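Below you'll find the structure, written out as structure tokens, and then a few comments.
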Amino acid sequence: MSEMTFEQMLEDSFKNIHTGEVLDGTVIAVTADEIAVSIGYKSDGIVTKREYSNDASIDLTAAVKPGDTLTVKVLKMNDGDGQVVLSHKRVIVEKVSQVLEDAFNNQTVLTATVSEVVKGGIKVIVDEVPVFIPASLATDGSTKEIAGMAGTEVQFLLTEYNPKKRRYIGDCRSLLSAKRAEKRAEVLSTIKEGDIIDGTVKNVTAFGAFVDIGGIDGLLHISEMSWGRIDNPSSLYRKGDAVKVFVKEIKGEKIALSVKFDDRNPWADAESKYAVGNIVKGQVARMTDFGAFVSLEDGVDALLHVSQISKAHIEKPADVLKVGDEVEARIMDVDFENHKISLSVRDLLADEEPAETTEEA
């Protein structure tokens, strides 16, 4: 029986490995771009930064150190320089792929941090597996909200699982909608019409403001923002403003809010202050072709018709008045039920003919 040569004994001392095999190795050196790993084979293996993690910002020198054990997968027996090409990332991906498959089949809620906002949505990494969540499924509000989601933690369901195409699609919206519905039901069970609540303005529109009243939104309509006339809700409220409101009406899941508290109603004692015949002072608040509206106090506007501005004929109020002018007038008519007051400046003027040039007969 012939004796084995040293080279043969050395060769036999190495492991026999093959492409696709998963094994444990020992880190022997680390640079910014790659990790050298001893795998008990005649050649050492190399794990590039790309094959270590999907995180392009990772610092390999901080992630691993010589002496660490690293589980790797053999990708190629020889990279052309005699080294074995290895991957650590793919070992993780294959393990996580099973987790994702189970989550997809069982509709298990997953939690991950948004790694980046990309075109059309957001991307999260479940260990080393990238999951795309379309903008329409990332929030239960406007798709514009995704702009600030990088670095935030989200919960989602996996709606598509296709490892062959490396296609994994997530959905946050259904979970958020379910939570919102649950919260709405909870809040609706604890409030009633007439309740006074502290809220926060969530959004301002042309017709009113949506107010968060403890996890659900109520509508503060423009007509319920003031006892007086409001042309634009944004002149009174901004997103984030704290506001005290009362529940005016609950209709199904719709909540109507108001800030027109009875104790602040300027019409409460209007019958004594604004009786017919009383002389009042006010400021022109706005103009129309048929007259000027005069603010007597916050929430109380009165109409000074063009025919009641002067004894002289006036084509339009803007010929003699402008917004901000102070006027003194007599109250000619009041409709307290509909909050309407009619004024006359003309009635205060001396009983004389309008000043004009006449020709002798």
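The values are calculated or read from the model by the stated rules, or taken from the named source; none is laboratory data. Keep in mind the model is a prediction, meaning the values are calculated, not measured. Counting neighbours? That spans all protein chains shown, and the Cβs are built from the backbone with ideal geometry, glycine included. Heads up: the accessible areas ignore ligands, DNA and RNA and are worked out on the full protein's heavy atoms, side chains in. Shrake-Rupley method; radii C 1.70, N 1.55, O 1.52, S 1.80 Å.
Of everything listed in (1) open to solvent by 40 Å² or more (accessible area, probe 1.4 Å); (2) more than 21 Å from the chain's Cα centre (by Cα), the single unmet condition for Val131 is (1).
Given the criteria touching a Ser or Thr at 6+ places or on another chain (Cβ under 7 Å) and more than 22 Å from Lys123 (Cα to Cα), does Val91 qualify? I'd like the intermediate steps shown before the answer.
Details: touching a Ser or Thr at 6+ places or on another chain (Cβ under 7 Å): yes; more than 22 Å from Lys123 (Cα to Cα): no.
The answer is no for Val91.
Looking only at residues in the range 60-88 that are part of a strand (DSSP E or B) and open to solvent by 30 Å² or more (accessible area, probe 1.4 Å), the one that is farthest from Val126 (Cα to Cα) is Lys76.
Quick one: how many residues across the range 200-238 are among the acidic types (Asp, Glu), within 19 Å of Ala181 (Cβ to Cβ) and open to solvent by less than 50 Å² (accessible area, probe 1.4 Å)?
Of all residues in the range 200-238, those among the acidic types (Asp, Glu) come to 212, 217, 224, 231.
From the residues that got through so far, the ones that are within 19 Å of Ala181 (Cβ to Cβ) too are 212, 217.
Imposing the further condition that a residue be open to solvent by less than 50 Å² (accessible area, probe 1.4 Å) reduces the set to 217.
Qualifying residue count, the range 200-238: 1.
Within the range 100-123, does at least one residue satisfy the condition of being β-branched (Val, Ile, Thr), crowded, with 18+ Cβ neighbours inside 10 Å and closer than 30 Å to Ser38 by Cα? So far as the range 100-123 goes, no, none of its residues is β-branched (Val, Ile, Thr), crowded, with 18+ Cβ neighbours inside 10 Å and closer than 30 Å to Ser38 by Cα.
Can you give me the number of residues within the range 32-77 that are in contact (Cβ under 8 Å) with a residue 60 or more places away in the chain and farther than 19 Å from Val96 by Cα? First the steps, then the outcome.
Quick first cut of the range 32-77, residues in contact (Cβ under 8 Å) with a residue 60 or more places away in the chain only: 53-55, 77.
After this cut, where a residue has to be farther than 19 Å from Val96 by Cα as well, the list is 77.
Residues meeting the conditions: 1.
For the range 31-59, how many residues meet the condition of being polar (S, T, N, Q), under 20 Å from Ile125 (Cα atoms) and surrounded by 12 or more Cβ atoms within 10 Å (Cβ to Cβ)? Counting residues in the range 31-59 that are polar (S, T, N, Q), under 20 Å from Ile125 (Cα atoms) and surrounded by 12 or more Cβ atoms within 10 Å (Cβ to Cβ) gives 3. Do you know which residues across the range 95-125 are charged (D, E, K, R) and either free of Cβ contacts under 8 Å to residues at least 60 places away in the same chain or under 25 Å from Met149 (Cα atoms) (or both)? Lys95, Asp102, Glu116, Lys119, Lys123, listed by residue number.
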